[in-house]
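The values are calculated or read from the model by the stated rules, or taken from the named source; none is laboratory data. Predicted, not measured: the structure shown is a model, and the values here were computed from it. Cβ atoms come from the backbone with ideal geometry, glycine included; neighbour counts cover every protein chain shown. For the accessible areas, the whole protein counts, side chains as well, though only heavy atoms, and no ligand, DNA or RNA atoms are used. Shrake-Rupley method; radii C 1.70, N 1.55, O 1.52, S 1.80 Å.
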Amino acid sequence: MAKPFVAILMGSDSDFPKVEAAIGVLKKLSIPYEVRVHSAHRTPDATHQYVTGADQRGCAAFIACAGMAAHLAGVVASLTVKPVIGVPIDAGPLDGLDALMSTVQMPGGIPVATVAIGKAGAKNAGYLAAQIIAVSDADLAERLKTDREENAKAVLAKNEALQQQLNS
């Protein structure tokens, strides 16, 4: 059986600089992933085909990144019962607030877990997808725990450096 993977969809290739944050997390945690450009509005048939195919091939979670009208996560959620994580992209005149509202306002029964706007949201989407998979993967759960411990040590080291700077 193939190892579970995360499918990352973005509405436009211009979203890729933000999406790289999710990819970085998945790489760091050794989680297989796929990345595709599919638009809810401009390529609905290709989006449908990819999501249903990824679902059948063992996709464990979907990350859908889109700006402005941001219907991609909702469309993906309508095609699968796997977890969908929506990342609103800060694009257009409203700097992602429109995408946030479009992503978070899903009708009852079609949930989309929505994270922060932009790069920080994409990073958290990677971590959330990892946590979803870790529910049934003890090795991944341990890698996540180690990652959190390393993050905590880095923050404490930065505090120590600041304290030394202030006291010198």
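Of note:
- Being assigned to a loop (DSSP other than H, G, I, E, B), under 22 Å from PHE5 (Cβ atoms) and small (Gly, Ala, Ser) is a description that does not apply to SER78.
- Single unsatisfied condition, HIS71 versus (1) under 15 Å from ILE8 (Cα atoms); (2) free of Cβ contacts under 8 Å to residues at least 24 places away in the same chain: (2)
- Answer residue from the range 119-137, given it is open to solvent by 20 Å² or more (accessible area, probe 1.4 Å) and either modelled with pLDDT under 95 or assigned to a helix (DSSP H, G or I) (or both) and is farthest from ALA21 (Cα to Cα) among those: ILE132
- Conditions (1) under 26 Å from ASP137 (Cα atoms); (2) open to solvent by less than 40 Å² (accessible area, probe 1.4 Å); (3) touching a residue at least 60 places away in the same chain (Cβ under 8 Å); (4) of a type in the set (Gly, Ala, Ser); number of the one not met by GLY53: (3)
- Hey, ASN151 under 23 Å from VAL19 (Cβ atoms), part of a helix (DSSP H, G or I) and more than 18 Å from the chain's Cα centre (by Cα) or not: yes
- Identity of the residue in the range 138-168, farther than 29 Å from GLY96 by Cβ and in contact (Cβ under 8 Å) with a residue 40 or more places away in the chain, that ends up most open to solvent (accessible area, probe 1.4 Å): ARG143
- Consider the range 1-12 and keep the residues that are of a type in the set (Gly, Ala, Ser) and closer than 29 Å to ASP139 by Cα. The one that is most open to solvent (accessible area, probe 1.4 Å) is ALA2.
Let's see how each residue does on (1) hydroxyl-bearing (Ser, Thr, Tyr); (2) touching a helix residue (DSSP H, G or I) at 6+ places or on another chain (Cβ under 7 Å):
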| position | (1), (2) |
| --- | --- |
| THR47 | yes, yes |
| CYS65 | no, yes |
| ALA69 | no, yes |
| VAL81 | no, no |
| VAL84 | no, yes |
| PRO93 | no, no |
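- Of all residues making up the range 13-50, the number that are open to solvent by 20 Å² or more (accessible area, probe 1.4 Å), of a type outside the set (Gly, Ala, Ser), within 23 Å of SER136 (Cβ to Cβ) and touching a residue at least 60 places away in the same chain (Cβ under 8 Å): 1
- For the range 57-75, a residue qualifies if it is within 19 Å of ILE31 (Cβ to Cβ) and over 13 Å from the mean Cα position of the chain (by Cα), and the qualifying residues are ARG57, GLY58, CYS59.
- Looking only at residues of the range 86-118 that are in a strand (DSSP E or B) and either of a type in the set (Phe, Trp, Tyr) or in contact (Cβ under 8 Å) with a residue 40 or more places away in the chain (or both), we find that the one that is surrounded by the most Cβ atoms within 10 Å (Cβ to Cβ) is VAL87.
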